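I have placed the structure first, in the form of structure tokens, so that the comments after it can refer back to it.
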Ligand SMILES: Cc1cc2nc3c(=O)[nH]c(=O)nc-3n(C[C@H](O)[C@H](O)[C@H](O)COP(=O)(O)OP(=O)(O)OC[C@H]3O[C@@H](n4cnc5c(N)ncnc54)[C@H](O)[C@@H]3O)c2cc1C
């Protein structure tokens, strides 16, 4: 029998309730969005609205950065600031989140933050599968009444399902902040992948896939190494480097969060850390209000259209999903100098702002649809939300 998909969300490691009950809430058994979205918003996303189909239900969207960025945060630190202000205002007793594992810039340990110092320690990305929900049982045992949970889409789907199905968290007011999440890694693979991307993996402290079609790696001495997507070693095009659970994710933009904070549609400018904020619920608006005065706000920008870029990149991604026969080589297919030229060209003439977010959302939906179709067809019906076939149809792609 094939192994179930698992993103190590952490819920079933809680001892405060039976493991079988946690497993019942698994998003990889229950599927993405659908009833969960309906329960939260009173409706599912509109299939007539191309923007809502991709970005999910929102009350407001804009780009922004903190006037005083937080040192060591992933971008300007909007998430850490929301958590800090919510704690200071007495809206929450604790934050269910992560901290860096001792001695690692990239690995995580679950954290129930119950002080401002703890919250400050939670900043920054940990680009590996992370058991955020492992701390829920701890919060329950301690009798905390008001929590903020910060997580990826898998965490927030499982959390909402658990809250609907069981009474353990009844009487607890839970607010949520979501990160967009894609191309995450299993910690067993992380260093192998970093070693293949970076010329100096041992000094890397921060990594992100950027809107200029390059991976940016910040090193200990503050230098940023940029590696064009086009010049990654051929072996990193192998979908097997990503956890199967992440390849079965259909909610990149974390649509069940009260507020999603990313960077995808933000303008990429030197010395700025513009982020993208998607306010989804009344609770999300309340969280945003806490930091409103600390933000420099900018409207979304860019042209929506990105069809020709999807058409020129999706074919290769779909081919790669088909099977495991292909032999991947350690060498780059495109030398770095040419990769930089291509990334530079695409960054200049390609999709930007909401167009880039549209491109990236569709690219990953398509990639994940064909991964599941070819490699885990038995999960297709359960996992794939109803808007995905419509998006495939827009590009003339077969189901
Ligand atoms: C693997 C990964 C891929 C991402 N891909 C995208 C993307 O494609 N597009 C995009 O717009 N944004 C993406 N993000 C989110 C983005 O990098 C920032 O986390 C987000 O914009 C918040 O920035 P900030 O400065 O406000 O965060 P900070 O104030 O530094 O706070 C970040 C918060 O996220 C939590 N966190 C870190 N890693 C994880 C994790 N693995 N799982 C759950 N919680 C975590 C931290 O503990 C902290 O609470 C990704 C994040 C991760 C971890």
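According to the Cα-based calculation, Rg over Rh for the stretch 233-345 is 1.05, with Rh computed by the Kirkwood formula. Here the simple spin-label model places points 7 Å from the Cα toward Cβ, and for residue 165 and residue 116 these points are separated by 4.0 nm.
Ranked by the mean number of other Cβ atoms within 10 Å of their residues, highest first, the peptides 373-383, 359-369, 57-67 come out as 359-369, 57-67, 373-383. How would the stretch 292-399 be classified by its alpha-carbon gyration tensor: rounded, prolate or oblate, with rounded meaning a/c under 1.5 and the a/b versus b/c comparison settling the rest? Because a/c hits 1.5 or more and a/b fails to exceed b/c, the stretch 292-399 counts as oblate. Gain on full extension, evaluated as 0.36 nm per residue between residue 272 and residue 216 minus their Cα-Cα distance, stands at 18.7 nm.
Under 1.5 on a/c is rounded, so check that first for the stretch 188-295, then, if it is not, pick prolate when a/b is larger than b/c and oblate when it is not; a ≥ b ≥ c are the square roots of the alpha carbon gyration tensor eigenvalues. Oblate is the answer for the stretch 188-295, as a/c is 1.5 or above yet b/c matches or exceeds a/b.
Modelled label positions at residue 141 and residue 91, each set 7 Å beyond Cα in the direction of Cβ, lie 2.9 nm from each other. Per-peptide packing, taken as the mean over residues of other Cβ atoms within 10 Å, places 312-322, 123-133 in the sequence 123-133, 312-322 from highest down.
Would you compute, from DSSP H runs of 4+ residues alone, the mean residue ellipticity of the chain at 222 nm, taking -39500 (n - 2.57) per run and dividing by the full residue count, rounded to the nearest 500? Please list the in-between numbers first.
Values: 16 runs with 147 residues, N = 399.
Computed mean residue ellipticity for the chain: -10500 deg cm²/dmol.
Ranking of 274, 214 by neighbouring Cβ atoms within 10 Å, starting from the fewest: 274, 214.
What is the chain by shape, rounded, prolate or oblate, if you read a ≥ b ≥ c off the alpha carbon gyration tensor as root eigenvalues and call it rounded for a/c under 1.5, prolate for a/b larger than b/c, and oblate otherwise? Verdict is rounded for the chain. Straightening the chain between residue 328 and residue 35 buys 101.5 nm, computed as 0.36 nm per residue apart minus the Cα-Cα spacing.
Annotation for the stretch 95-127 versus the stretch 328-399: alpha-carbon center distance of 31 Å. Take the Kirkwood radius over Cα pairs of the stretch 86-219, plug it into Stokes-Einstein at 25 °C and 0.890 mPa s, and you get 152 µm²/s for translational diffusion.
What ranking of 32, 337, 304 emerges when the number of other C-beta atoms within 10 Å of each C-beta is taken as an exposure proxy, fewest first? Intermediate results must be reported in sequence, preceding the final value.
Working: 32 23, 337 9, 304 14.
Ranking 32, 337, 304 by Cβ neighbours within 10 Å, fewest first, gives 337, 304, 32.
Length gained on full extension, residue 19 to residue 399: 133.2 nm, using 0.36 nm per residue less the C-alpha separation.
No value in this document is a laboratory result; all are computed from the given coordinates. Source: prediction; values computed, not measured. Backbone-built Cβ (ideal geometry, glycine too); neighbour counts: all protein chains shown.
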